[in-house]
1. Of all residues in region 466-479, which are away from the ligand (no atom under 15 Å from the Cβ) and either crowded, with 23+ Cβ neighbours inside 10 Å or at pLDDT 95 or above (or both)?
2. Which residue pairs have Cβ atoms closer than 7 Å, lie 6 or more positions apart in sequence or on different chains, and pair a first residue in region 422-442 that is within 19 Å of residue 412 (Cα to Cα) and touching a residue at least 40 places away in the same chain (Cβ under 8 Å) with a second residue that is within 16 Å of the ligand (Cβ to nearest atom) and assigned to a helix (DSSP H, G or I)?
3. For the subset of region 441-464 comprising residues that are crowded, with 17+ Cβ neighbours inside 10 Å and in a helix (DSSP H, G or I), which member is farthest from the ligand (Cβ to nearest atom)?
4. When only residues in region 62-79 that are in contact with a strand residue (DSSP E or B) (Cβ under 6 Å, 6 or more places away or on another chain) and part of a loop (DSSP other than H, G, I, E, B) count, which is nearest to residue 47 (Cα to Cα)?
5. One residue is enough: does region 341-354 have a residue meeting the conditions away from the ligand (no atom under 16 Å from the Cβ), modelled with pLDDT of 95 or more and farther than 30 Å from residue 283 by Cβ?
6. Which one of these does residue 305 not meet: (1) at pLDDT below 95; (2) more than 16 Å from the ligand (Cβ to nearest atom); (3) buried (at least 16 other Cβ atoms within 10 Å of the Cβ)?
7. Return only the number of the condition from (1) within 16 Å of the ligand (Cβ to nearest atom); (2) touching a residue at least 40 places away in the same chain (Cβ under 8 Å); (3) more than 19 Å from residue 460 (Cβ to Cβ) that residue 374 does not satisfy.
8. Determine whether residue 149 is closer than 28 Å to residue 222 by Cβ and in contact (Cβ under 8 Å) with a residue 24 or more places away in the chain.
Ligand code: GLN
C-alpha cells in the first residue's frame, strides 16, 4: 500500500480536501485504485451531532456513518464508496484505547499518547486502507488527509503517527503533500514567508514535505517556485501552483497542468500509465441552457448544502444545463419570487425554525405547478402541506415540531432513544418502486433501488390511507415505511424520505435530480 499524506499549513479553508480528492482523481485517471482516509482531530466521535452552520454538511456514508463533508468530495471525485473506518477522529481513537484499557488489554502498562494513541492511529489508518475494496479490487494508493493546520495542539498525535509511518515505509511507499497559502501583497508580489514558516513547523515535528501545493490568487511563477523550492528542500517541479478554479471539478486538470501527476508517479515509483481524458471531457462539457432553482433554507451557509449543490450540478451538466441557485431564507419566503424560478428545492433539516415558510413554498409549487423536489424534511413537509390543504387536516404537523395532528411521527424503533449521536435511521436502505409512477420512470423501471437515509421521523402509518385516498401517491416504500411521494397533474412534484444527493456523482448523476432538472428545463421561465 502506498500512502499520500496531505497536511495543511498557515490557515484552514485552503481547499485541502479538494486537493486530496483531486490527487485521487489524477491517479484514478491513470488506472490506479485509490481510497482515502480523513482525519478530524476533534473529540467528537463523528460529525453527527455537530452544527452544520459551523462545520458544513454532515455527509452520510453507505454504512450509516455521519462524517465530514470532505468524505463526500472523495466519493464524488474518485467515484468510490467508503465507510465509517475512513473518518478517524480523536474521539474514536481515545474511545477505543480507553475501552481496551478497561478490558485489561494493556495490563501492567502505563497507557500513554505515545505509543498507545499513536499505535491506534496507525492501526486505524492501515486497516481502513487495507480492508477497503472497490469493485475493481483493493487500493493501490491511500490518501490520508490530516484535518486542521500544522501546529494545532489537537493534530499533534496524528502528525506524530504519520511521521512514524514514514519511518516504517519502504522507499516510494509514503509521500507528504503540504498545502499552503501563498498570498499576494498590495503590489501583487507573491509572499513565501507563510509557506516557509509552516514548513518549518512541519520539520520541527520530523516531517518533510515531498510536494508543496501553493494556494494563491495569482499563478505562482518560476521565480517564486524557485524560492519555495530553496527554502523548503522540495524540487522546483514539486512546487505546484493552485489558483482558485471556476469549478472544483476542474482542479484535477489544473494540478495536472502543473505537472503534479508526473511528480506523484515518480515519487511513488508507480508505473507511468496514459491518462484517460473522460473526466476532463465530462466536467468541461458546454452548457446550452440555464435554469434557476430556489433552495429554501434555514441556514444561510452554502456548505451546509454541499451535496445538494453538487447533485444539481451533476444533473445539470449531463443535461447541458447550468443550474443557477437562488438561496431563499425560509423565514422570508415570498410567493412572488418563488413564482419566478424554474424549480423549488426543499432540503433536509431538523427543528422548527423556518418550517411554515417551507410549507408555504411547497404549497406555492403545488398550486402554481412549479417543479418541486423535497428531500427528507422536505418530504415530510410535503406530506404536512398536502394533509393541511388537500386532505382537510388543518392542524397537520410533524411530531418533531409540536402539537397538532401528527401526520409525521417518530420511527417506532426511535421511541425512548435518549442518545442523539449515531442513533437515527442512517445509511443505505432498499426502496421498492411502484410500477407506472413517476418514480418508476425516474429510476428507469428498477423495482428496487438503494438510497442513503438520515432521519428519526416518518409518515404516520395511520395516515397513509387517508392521504392516498385524497390523491397523494406513495411511489416508493420500504415495507410500511413511505419513502417517495408524488402527485398527479403536476409537471414534477417529487419528494423523498431519503437523501439522493449523497449518491450523486459527476459520472453518475442522481436519478431524482436528473428528473427534477429536466422538468425545470422543460418548464423554464427564466433566461
Ligand atoms: N428532522 C427530520 C427527521 O428526523 C428530517 C431529517 C432530515 O431532513 N435529514 O426525520
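1. 466, 467, 468, 469, 470, 471, 472, 473, 474, 475, 476, 477
2. That search, which allows pairs on different chains as well, returns 422/48.
3. 442
4. 68
5. Looking through region 341-354, none of the residues is away from the ligand (no atom under 16 Å from the Cβ), modelled with pLDDT of 95 or more and farther than 30 Å from residue 283 by Cβ.
6. All conditions pass for residue 305, except number (2).
7. Evaluating residue 374 over (1) within 16 Å of the ligand (Cβ to nearest atom); (2) touching a residue at least 40 places away in the same chain (Cβ under 8 Å); (3) more than 19 Å from residue 460 (Cβ to Cβ) leaves (3) as the failure.
8. The answer is yes for residue 149.
The values are calculated or read from the model by the stated rules, or taken from the named source; none is laboratory data. What you see is a predicted model; the values in this text were computed from it and never measured. Using ideal geometry, Cβ is built from the backbone for each residue, glycine included, and neighbour counts are taken over all protein chains shown.
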